[in-house]
């Protein structure tokens, strides 16, 4: 009889877990919607910015800004690592971290010191465990509500540090949102700025030759110098948005799977419960029948 | 006036203005400039200040912007600002608080505060307040 009770307790427990995972799934869904709206809101700005920057870069000199010039010797690099603050989102963080680990190992092998700036607690904890130097940490941002000023402040610091030669290259690691089912970790070099290509020509551009005869004020080079740091902020902001969106999507999938697993478990356990109940009934009946037979004598 | 020019004010977080207007006056870093329809393509940085424009129906409106840049095409003026706020959206109470905070920070003269940053915050807030009060 004890097993019957045990199975029943287990079923209740699994059902409760299911309630939690289902709630988390719904929360992630609504947060994902918010994050996607932010991505949508950012798109017009990002597109226009890329347009203007691309055509400016084409006209300006290659050495218009120190941010464009690669260092001859790279001794120290900074990695801006975007992860989530919280767990329970499947392999989301471990995918990011295993890629970073590989990358850091490769760089260390070349005698390059790697330092980190962390967005998100999971990444920071990993850095601490692995004994990397942490330049700065920003918690409570990824996956939450944040504004462009977060990117501006952090980006400013990154640019300043680069100009002061604290580090020679800066990379950003984030999770690119591809679809609900797929988020890919990405490493991208943001400083020195890679040559900026024109965004792909759209059909309408052919009719109006773009920016060919713009008057620029101040000069093209100065304008570019002013825009490049912003280019960093824009990249940082978009990386943070992508990571947030990915985190929610990953959590949604993970929680959905967990809910399904709970259903399966309840099914299996119910089956076990019914079997146990049936066999105890059968045993009872056998007893009674056996007793009656004995009385008949 | 030959017609209206399209004004778009966009920030990373939202599109603030998108309408046809008669004239725009914006704070360029080399001084204020006015834009009408048919302007030569023109690209400039903007400093902290106010963009004033006259809507198609003749109503004068104003938008506060912190630094950014503007691109003028013959039929369109796009302003990319890091933050922007329409005059009627400015929350005077919040701005006053921001001014107080910034002043306190400047007055404290602690070595660990970023003087430039506090100063920038103060001038942003003062600008907003000025704009909100000229209703």
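The values are calculated or read from the model by the stated rules, or taken from the named source; none is laboratory data. Model, not experiment: these values are computed from the prediction. We place every Cβ from the backbone using ideal geometry, glycine too, and count neighbours over all the protein chains shown.
Would you confirm whether or not segment B:92-103 contains a residue that is closer than 26 Å to residue A:53 by Cβ and away from chain A (no Cβ under 12 Å)?
No, the conditions are met nowhere in segment B:92-103.
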In the same structural domain as residue B:12 (by TED's automatic domain parsing) and either buried (at least 19 other Cβ atoms within 10 Å of the Cβ) or at pLDDT below 85 (or both): does that describe residue B:64?
yes
Looking at residue A:293 and the list (1) within 30 Å of residue B:33 (Cα to Cα); (2) surrounded by fewer than 16 Cβ atoms within 10 Å (Cβ to Cβ), which single condition is not satisfied?
(1)
Determine whether segment A:53-66 contains at least one residue that is within 14 Å of chain B (Cβ to nearest Cβ) and under 16 Å from the mean Cα position of the chain (by Cα).
no
Residue B:79 - would you say it is in the same structural domain as residue B:118 (by TED's automatic domain parsing), touching a residue at least 12 places away in the same chain (Cβ under 8 Å) and buried (at least 18 other Cβ atoms within 10 Å of the Cβ)?
no
Out of all the residues in segment A:103-116, is one or more within 19 Å of residue A:190 (Cα to Cα) and in contact with a helix residue (DSSP H, G or I) (Cβ under 7 Å, 6 or more places away or on another chain)?
yes
If you check A:287, A:264, which single one turns out to be loosely packed, with under 12 Cβ neighbours inside 10 Å, out of contact with any helix residue (DSSP H, G or I) (no Cβ under 7 Å at 6 or more places or on another chain) and within 30 Å of residue A:95 (Cα to Cα)?
A:264
Candidate set: segment A:11-50, residues that are within 11 Å of another protein chain (Cβ to nearest Cβ) and out of contact with any helix residue (DSSP H, G or I) (no Cβ under 9 Å at 6 or more places or on another chain); chosen: the one farthest from residue A:269 (Cα to Cα):
A:48
Of (1) buried (at least 22 other Cβ atoms within 10 Å of the Cβ); (2) touching a strand residue (DSSP E or B) at 6+ places or on another chain (Cβ under 7 Å), residue A:143 satisfies all except one. Which?
(2)
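Among the residues of segment B:9-26, which ones are in a strand (DSSP E or B), within 14 Å of chain A (Cβ to nearest Cβ), crowded, with 18+ Cβ neighbours inside 10 Å and out of contact with any helix residue (DSSP H, G or I) (no Cβ under 6 Å at 6 or more places or on another chain)?
B:9, B:16, B:17, B:26
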Report the residue count in segment B:27-40 for those that are surrounded by 19 or more Cβ atoms within 10 Å (Cβ to Cβ) and assigned to a loop (DSSP other than H, G, I, E, B).
0
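When you check residue A:223 against the structure, is it under 12 Å from residue A:155 (Cα atoms), within 13 Å of chain B (Cβ to nearest Cβ) and surrounded by 23 or more Cβ atoms within 10 Å (Cβ to Cβ), yes or no?
Values: under 12 Å from residue A:155 (Cα atoms): no; within 13 Å of chain B (Cβ to nearest Cβ): yes; surrounded by 23 or more Cβ atoms within 10 Å (Cβ to Cβ): yes.
Judged against the criteria, residue A:223 is not a match.
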Breaking point among (1) crowded, with 18+ Cβ neighbours inside 10 Å; (2) over 19 Å from residue A:223 (Cβ atoms), for residue B:91:
(1)
Can you name every residue in segment B:70-91 that is away from every other protein chain (no Cβ under 11 Å) and out of contact with any strand residue (DSSP E or B) (no Cβ under 8 Å at 6 or more places or on another chain)?
B:88, B:89, B:91
Of A:86, A:38, the only residue that is touching a residue at least 24 places away in the same chain (Cβ under 8 Å) and outside any helix (DSSP H, G or I) is A:86
Return only the number of the condition from (1) surrounded by 12 or more Cβ atoms within 10 Å (Cβ to Cβ); (2) away from chain A (no Cβ under 14 Å) that residue B:43 does not satisfy.
(2)
